Amino acid sequence: MVLLLFVDIDRDLTGLRALGGFFVLRTGGPPHSRLPTLAQAYSGTHTAQSVGFYGDSITFRIRKVAENLRTPEPRVAASVTQQALAARLWSVALGAAALYGELPDLDPRLLHWDPDASAPDDLWLSELRMLPVTAVDDVMAVVVTGHLVPLIDTLSARHRVSDRLLWGNAGSALAGTVRQIDRWARAHHRPQAAARVRALADGLLGRPGLAGSLDPATLRRRSCCLYYRVPGGGLCGDCCFDRRPGLAPRS
């Protein structure tokens, strides 16, 4: 196995910033005690501080996104919220795999977020523990089992968003993360980093939930994130539709 740059040097993961804003992971704990953990967000249980400030942090975030997008449909805002958070989680995990050959332990009990922040979502990891990444199962445990499954369960149960749509969002966010890492790797002459991440992504897209979310040849998604329903919104580049439903074809 080829170990990648910064494995023993950059233990606060500042190297991830070079990949873009979605890859940034702040370490050392959140700046305010009121910021909930993602475990609290998924379960709907919060500390007294965060309840007083945000209430249910997932619902708070969805309402903020709905207001920013000017959409009256909560499920549209829930979809956008989930895809953005999925993209952050994939970016941190796969970015670390590319740069360090390791994964940060993103235990949702240690990972705090600010539901009132602008995009991309602000994340703070209160305790940095690096884990080996030798197989797809390592990433599955950290991102899919640890975050995507409880997040999707929460949105399905509390906000009535379809599982198929949400897994499509997760698959689309994964593919977008790989493209960004691939661009960075080509620009910085790091082909081994891109190859490592592509191999992980290929394995992930064959696992339950993610399997079937994208066309394997084109990586075009097989469900729609509903962004076209946002006022002024159009179709995403990987949308399953060729034209906005009920409207004229896209050019």
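The values are calculated or read from the model by the stated rules, or taken from the named source; none is laboratory data. Because the structure is a prediction, the values reported are computed rather than measured. Here the Cβ positions follow ideal geometry from the backbone for every residue, glycine too, while neighbour counts run over all protein chains shown.
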inquiry  = Among the residues of segment 123-145, what is the count of those that are part of a loop (DSSP other than H, G, I, E, B) and at pLDDT 95 or above?
reply    = 0
key: Which numbered condition D137 misses (of (1) without any contact (Cβ under 8 Å) to a residue 60 or more places away in the chain; (2) surrounded by 15 or more Cβ atoms within 10 Å (Cβ to Cβ); (3) more than 12 Å from the chain's Cα centre (by Cα))   = (2)
inquiry  = Given the criteria touching a Ser or Thr at 6+ places or on another chain (Cβ under 9 Å) and either in a strand (DSSP E or B) or under 24 Å from G233 (Cβ atoms) (or both), does L103 qualify?
reply    = no
query = So which of R183, R207, R196 ends up being outside any helix (DSSP H, G or I) and either crowded, with 21+ Cβ neighbours inside 10 Å or modelled with pLDDT of 95 or more (or both)?
reply = R207
task = Tell me, yes or no, whether segment 106-115 has at least one residue that is under 24 Å from R196 (Cα atoms), modelled with pLDDT of 95 or more and part of a helix (DSSP H, G or I).
result = no
query = Which of the residues spanning segment 121-145 are closer than 20 Å to Q40 by Cβ and in contact with a helix residue (DSSP H, G or I) (Cβ under 8 Å, 6 or more places away or on another chain)?
reply = D121, L123, V142, V143, V144
task = Scan segment 211-233 for residues that are touching a helix residue (DSSP H, G or I) at 6+ places or on another chain (Cβ under 6 Å) and either within 19 Å of V80 (Cβ to Cβ) or at pLDDT below 90 (or both) and jot them down.
result = S213, L214, R221, S223, C225, L226, R229, V230, G233
ask   = In the list L200, L226, L204, L210, which residue meets the criterion of being in contact (Cβ under 8 Å) with a residue 60 or more places away in the chain, under 18 Å from the mean Cα position of the chain (by Cα) and farther than 21 Å from R164 by Cβ?
value = L200
inquiry  = Being more than 24 Å from V144 (Cα to Cα) and either modelled with pLDDT of 95 or more or of a type in the set (F, W, Y) (or both) is true for just one of A77, A66, A84, A93. Which residue is that?
reply    = A66
message = Let me confirm something: among L148, L155, L174, L165, which residue is in contact with a Cys (Cβ under 9 Å, 6 or more places away or on another chain), surrounded by 22 or more Cβ atoms within 10 Å (Cβ to Cβ), part of a helix (DSSP H, G or I) and of a type in the set (A, V, I, L, M)?
response = L165
query = Name the pairs: first residue in segment 52-75 and without any contact (Cβ under 8 Å) to a residue 40 or more places away in the chain, second residue surrounded by fewer than 18 Cβ atoms within 10 Å (Cβ to Cβ) and among the acidic types (D, E), Cβ to Cβ under 8 Å, at least 6 apart or on different chains?
reply = A66/E73
